[in-house]
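Engineer: Let me begin by handing over the structure; questions about it come next.
Just so you know, all these numbers are worked out from the coordinates, no wet-lab data involved. Values in this document were obtained by computation on a predicted structure and should not be read as measured data. Here the Cβ positions follow ideal geometry from the backbone for every residue, glycine too, while neighbour counts run over all protein chains shown.
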Amino acid sequence: MRACVVLLTLFVFTLPAGSAAQTAIQPDKVIHLFDGKSLDGFYTWLVDVHREDPLRVFTVVDQVDGAPAIRISGEKWGGIITRESYRDYRLIVEFRWGLLTWGQRRNATRDSGVLVHGQGADGNTGRDFNGPWMRSIEAQVIEGGVGDLILVAGFEADGTRLTPRITARTSKDRDGEPVFDPNGEPREFESGRINWFGRDPDWQDKLGFRGKADVESPLGEWTRLEVVAQGDRLTYVVNGKGVNEGFRSSLTEGKIMIQSEGAEIFFRRIDLEPVGK
């Protein structure tokens with residue numbers, strides 16, 4: 001018996017941080033993940049320093065356009081992660097870009113993202129669990145591409161790499177990239193990105209890019225992004241307009257992560273609402 005206890009103890013302590021399974025919460029009322037005062041609804045994660053934040057990448061500022069907001073400096077890669085897992089909800093975030101950009105993305109499009117259905121250990125996008133993200137499905141937040149859907153793969157403790165799967169109706173743009181098209185043929189995706197329906201085929205990764213059909217608000221204004229997670233279906237809505245959708249998702253629950261990815265960004269609202277049947 002003593003030997004079994006020792007072996008069990010060793011096994012538990014060799015698991016990567018954050019790998020324990022959680023029972024996902026289905027909201028039955030509005031959950032304010034940002035309470036307007038603190039980051040208490042989240043923990044922070046950054047490459048190399050993990051749950052420490054010595055450069056104060058993540059802070060709450062008293063007032064941005066008259067209201068408190070979470071400031072993400074973008075200086076280091078990582079994000080804020082919900083302490084709980086969730087399923088079947090309408091996630092509403094309101095964001096506005098700042099002016100600072102950093103490092104390899106100093107002159108590139110401002111970039112962030114909202115990861116939903118996050119699963120596995122913290123940092124599992126790196127084989128050594130020092131990656132910036134976790135296995136999930138992303139609602140992309142990037143100049144010209146707000147509402148793209150990205151499948152984010154992650155590693156298990158035994159080295160197995162798992163990639164989420166989702167089916168979407170798509171067509172191809174001029175460059176052969178998949179674009180959400182409600183009249184397109186359904187296709188299962190196991191990697192890559194599904195562009196939102198109006199993404200400019202001439203998109204360039206340069207600071208301040210804006211496409212001809214963008215529904216994201218102009219720089220300096222607030223954009224409302226909604227992610228409706230209902231069973232195995234995900235729907236993305238930007239400023240009230242449906243821009244992307246997938247179904248038969250292999251992930252249907254998990255944590256929510258807001259990225260820090262080289263650009264300053266503010267979030268004044270991060271809410272979960274119940275979703276109807």
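Engineer: Which one is right for this structure if Cα extents along the principal axes in Å is calculated from it: [x] 48, 46, 41; [y] 68, 46, 40; [z] 55, 45, 42?
Structural biologist: Calculated Cα extents along the principal axes in Å: the matching label is [y].
Engineer: Moving on. In nm², what is the average projected area of the convex hull enclosing the Cα atoms of segment 133-277?
Structural biologist: About 9.8 nm², averaged over all directions.
Engineer: Could you point to the residue in Pro182, Val141, Gly74 farthest towards the positive end of segment 30-256's charge dipole, with +1 and -1 charges on the Cβ of Lys/Arg and Asp/Glu respectively?
Structural biologist: Of the candidates, Pro182 comes out farthest on the positive side.
Engineer: How much length is gained if the chain between Trp102 and Val64 is pulled fully straight, taking 0.36 nm per residue apart and subtracting their Cα-Cα distance, in nm to one decimal?
Structural biologist: Gain on extension, Trp102 to Val64, equals 11.6 nm.
Engineer: Let me ask something else. Considering the Cα positions of segment 74-195, please state its Rg to one decimal place and its Dmax as a whole number of Å.
Structural biologist: Looking at segment 74-195, its Cα Rg and Dmax stand at 15.6, 42 Å.
Engineer: About the Cα centre, and with charges only on the beta carbon of Lys, Arg (+1) and Asp, Glu (-1), how big is the dipole of the chain? Nearest 20 debye, please.
Structural biologist: Around 220 debye, computed over the chain.
Engineer: Say R0 is 30 Å: what FRET efficiency, to the nearest 0.05, do Leu39 and Leu207 get from their beta-carbon distance?
Structural biologist: 0.60
Engineer: Whose amide H sits under 5 Å from the amide H of Leu100, counting only residues 5 or more places off or on another chain, with H placed in the peptide plane?
Structural biologist: Here the answer is Glu264, since their amide H atoms fall under 5 Å of that of Leu100.
Engineer: Can you tell me the 0 to 90 degree angle between the C-alpha axis of helix 2-13 and the longest principal axis of the chain, rounded to 10?
Structural biologist: That helix lies at roughly 20 degrees to the long axis.
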